[in-house]
Amino acid sequence: MAIAAPVASRPRPRRRVSEQSRRSSLVSYFVALVLIGLMLAPVAYIILGGFRSNSEITVDPSGFPQAWAWSNFGDVLASGSFWTQVLNSTVAAVCTTVFVVALGLMAAYGLSRYAFRGRAAVYALFTAGLMFPLTVAITPLYILVRNLGLTNSLAGVVIPQIAFALPLTIIVLVPFLAAIPNELQEAAAIDGLGRLGFFFRMVLRLSLPGVITVGILAFIGSWNAYLLPLFILNGEASYTLPLGTQAFASQYAVDTAKVLAFTSLSMIPALIFFSLFERRIVGGLTGAVKG
């Protein structure tokens with residue numbers, strides 16, 4: 001009895017698969033470019049508008065500068081109020097970032113490395129803080145800050161910003177610290193390194209990507225904060241840049257070009273800071289998800 005020869009399997013249509021994957025990648029790149037263009041168009045319009053005159057903006061709102069008016073930026077940079085607001089925003093952002101990173105790192109270290117009663121409840125409490133927006137708490141928060149005598153001061157802005165930035169900081173840092181092997185801590189203990197020594201010498205270095213990520217997010221969040229300073233600060237000498245931009249736009253409502261120049265100078269530091277550390281943010285969040 002003859003045995004039938006096995007039927008040869010048909011080769012896969014590699015050309016069709018490669019063509020489909022190439023088309024899908026082209027579509028993905030096109031969609032990404034469209035989204036990037038939609039996001040960058042308002043920024044480019046504001047920056048280019050600062051180099052135009054009011055007559056050019058009135059005649060052709062979406063055109064390019066015919067004669068680059070550097071005087072708009074020069075007038076803004078020559079004003080003392082602008083640099084005062086830059087200093088206020090810098091002080092608020094740096095103080096918020098330092099305390100958020102320090103407190104968040106210590107809290108995340110305890111939640112990730114030690115087992116104690118109520119640890120899950122504490123972690124769930126910080127997680128629930130992400131679902132508590134500032135707009136809901138702004139009225140009781142203002143009353144509390146007023147009773148503490150911190151209105152019209154940067155401290156009244158920094159302290160609430162620290163509290164609202166801690167939940168995200170702890171949630172990002174806990175996976176980083178939990179991924180540190182226990183054998184490393186045991187070896188450090190054998191060498192005579194205590195808990196605090198292990199924290200400062202080992203934990204800080206191993207969790208540096210997460211620390212940089214939460215620090216950048218806290219800095220940018222404080223720099224762009226508007227609602228909280230709007231309620232707490234009521235004097236131009238203590239204004240931050242978002243409030244200064246709004247006050248400048250109200251004062252020079254007719255001079256649209258100068259308002260656009262002020263807005264451009266206000267957002268350029270945050271854009272540069274975010275662009276320089278973009279990879280750090282992505283890498284830190286990726287490590288947090290993997291942990």
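The table for this structure:
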item	result
Heavy-atom accessible surface of the chain: percent carbon and sulfur, 1.4 Å	68 percent
Per residue accessible area in Å² of region 74-289, where ligands, DNA and RNA are left out and the probe is 1.4 Å	53 Å²
Binned Cα-Cα distance frequencies in region 54-189 - 10 Å width, integer %	10, 24, 23, 17, 16, 7, 3, 0
The chain: proportion of alpha-carbon pairs further apart than 34 angstrom, %	43 percent
Percent of C-alpha pairs per 5 Å bin, region 19-72, short to long	4, 19, 18, 14, 10, 10, 8, 7, 6, 4, 1
FRET efficiency for Asn234 and Asp75, using Cβ-Cβ distance with R0 set to 22 Å, rounded to 0.05	0.30
Ala270 versus Gln251: modelled label distance in nm, points set 7 Å from Cα along the beta carbon direction	2.0 nm
Residue-count net charge about Ser62 - beta-carbon cut-off 13 Å; Lys, Arg +1, Asp, Glu -1	-1
Förster radius 25 Å - calculated FRET efficiency between Ser55 and Trp83 (Cβ-Cβ, nearest 0.05)	0.30
Length released on extending from Ala128 to Tyr114, taking residue separation times 0.36 nm less the Cα-Cα span	2.9 nm
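The values are calculated or read from the model by the stated rules, or taken from the named source; none is laboratory data. The shown structure was predicted, so the numbers you read here are calculated from the model rather than taken from an experiment. Because the Cβ atoms are built from the backbone with ideal geometry, glycine has one as well, and the counts that use them run over all protein chains shown. Only protein heavy atoms, including side chains, enter the accessible area calculation; ligands, DNA and RNA are left aside. Shrake-Rupley method; radii C 1.70, N 1.55, O 1.52, S 1.80 Å.
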